[in-house]
1. For B:His270 paired with B:Leu238, estimate the spin-label separation in nm (one decimal), with each label point 7 Å from Cα along the Cα-to-Cβ line.
2. Find the relative contact order for chain A and round it to a whole percent, using C-alpha pairs within less than 8 Å whose residues are 6+ positions apart.
3. What fraction, in whole percent, of alpha-carbon pairs in the protein assembly as shown exceed 42 Å separation?
4. Which percent of the accessible heavy-atom area of chain A goes to carbon and sulfur, probe 1.4 angstrom?
5. Do any residues of region B:1-17 lose at least 30 Å² of accessible area when the full set of protein chains is present rather than just their chain alone, and if so which, with a 1.4 Å probe?
6. What are the lysines whose alpha-carbon lies under 29 Å from the alpha-carbon of B:Lys209, with same-chain residues fewer than 8 places away excluded?
7. Percent relative contact order of region A:3-78, based on C-alpha pairs within less than 8 angstrom and at least six residues apart?
8. Can you list residues whose amide H is under 5 Å from B:Ala46's amide H, if they're 5+ apart or on another chain and H is modeled 1.01 Å from N?
Amino acid sequence: MGVTVHTRVNGQPIEREIEARQLLVYFLRDELGLTGTHVGCDTSQCGACTVWLDGRAVKSCTVLAAQVDEHEVTTVEGLAETVPEAQRIEGLHPVQAGFWEKHGLQCGFCTPGMMMTAAELLANSERLSQQEIREALEGNICRCTGYQDIVDAVAFAAEKMGVSVERDVTASI
Amino acid sequence: MIPAAFDYYRAKSIQEAFFAKQQAGADAKWIAGGHSLLPMMKLRLATPPALIDINEIDGLSGIRLQADGLVIGALTHHAEIAHSEEVVRTWPLLAQAAGLIGDRQVRNRGTIGGNLAHADPASDLPAVALALEATLVAEGPSGRREIPASEFFVGPMTTALSDDELLTQVRFPVPSGKVGSFYCKYPHPASGYAVVGVAAVAQLGPDGKFQAVRVGVTGVGMWAYRAETTEKELVGKLPTQENIASAAQHAVDETDVSQDLFASEQYRTHLAALYTVKALQAAVQAIQ
């Protein structure tokens, strides 16, 4: 069954005729060519497919493309544009700059999803502990880094975005 | 993984949803956040011929504290419940349980109505709905019906809702007297679902003894249940460690304990007693 979808992806209006069963992640990758959003586990565990739906981080392998009709989607390709230009670092979102600066990735497969979750956390927080950063990233799995550099990357971005981060003793465990 | 093909209807009102359901037939499913249904469809464990999307129906989302209780619309996301001041103030265990579901992204998309209507044997909220004696409000073409939580969960992934009924809101009674509540679970390390989850509500009388005790348990059997023997054993007793531990030995009396690759029957039985003690003790401590 065909379904018409009118949506905005990274600010661009999009209209497509799609199959009802098409998942959002395949719509983004195959229909729109936005391959920054990755397919990891495909079972809503790993978080590699995380995008924003109306500003909230969701797993796009578990959302139908038909369900984003009249809603707004943001992918990693549009992440930098979610912060004012003055906050960008060489054109990057502070979270992207943080992953660069703090070596928050090795193979990079989980990185887009990690960044989309982290950026949503920062967009909705005034202050955070390192423990809260870890808890927020619970739904994103990384098989390379051991997570500490990722937490450091998010803390780096938090500072650039005016979100204060308390150091706590459990952070290095 | 791609779900089997289905027809898709986007309902803008409850009337439209009922009409679509009538057209699509009894096997059609409602879809809200889709975080219970879509994973099953991707694994082809569920192959509904049609989905009726209720996300765009106005008035099914939101949290209101009213005289007759804390009313939560079926489309309210877990994240909103976990962070709601009204919920934290009225029933902290509901906010706790909602905040322990899945992970941040899942809580942003999953809904309370979808969670309860799906009735997964290891889902968190059924235990809470039972312990709080919630009322589930359903609407169908023939009208509105209120179903007590105690009559709602009737089998594995099976509820008292009929095929054409839609769960529209959940109402939690407001506590009165010296009441404390707590939810805790032992999560499966990969899925986050409860291997054992226990929701406890404790009320103490002026003599310091248990006046009322309610314990909802999930993950242990094929559907969530009230640990009534444990509850009855505690009423009229002091909330001592010994009394609670002794009553918690009956935590699985009302169910057939499941076993799977992760937890044997014996291990689940052990965890059920342990988490019943934890939840009850914390509920007593939470009494102000």
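The values are calculated or read from the model by the stated rules, or taken from the named source; none is laboratory data. Owing to the predicted nature of the structure, the values given are computational and were not obtained by experimental measurement. Quick reminder, even Gly has a Cβ in these numbers, built from the backbone with ideal geometry, and neighbours come from all protein chains shown. For accessibility, only protein heavy atoms count, side chains too; no ligands or nucleic acids. Shrake-Rupley method; radii C 1.70, N 1.55, O 1.52, S 1.80 Å.
1. A separation of 3.1 nm, rounded to one decimal place.
2. Working: 333 pairs, mean separation 38.0, N = 173.
Value for chain A: 22 percent.
3. Values: 18666 of 106030 pairs.
Summing the P(r) of the protein assembly as shown above 42 Å gives 18 percent of all pairs.
4. On the way: 3570 of 7680 Å².
Of all accessible area on chain A, carbon and sulfur atoms account for 47 percent.
5. B:Met1, B:Ile2, B:Pro3, B:Ala5, B:Phe6, B:Tyr8, B:Arg10
6. Those lysines meeting the cut-off are B:Lys178, B:Lys185, B:Lys232, B:Lys237, B:Lys278.
7. Details: 155 pairs, mean separation 30.4, N = 76.
Computed over region A:3-78, the figure is 40 percent.
8. B:Met41
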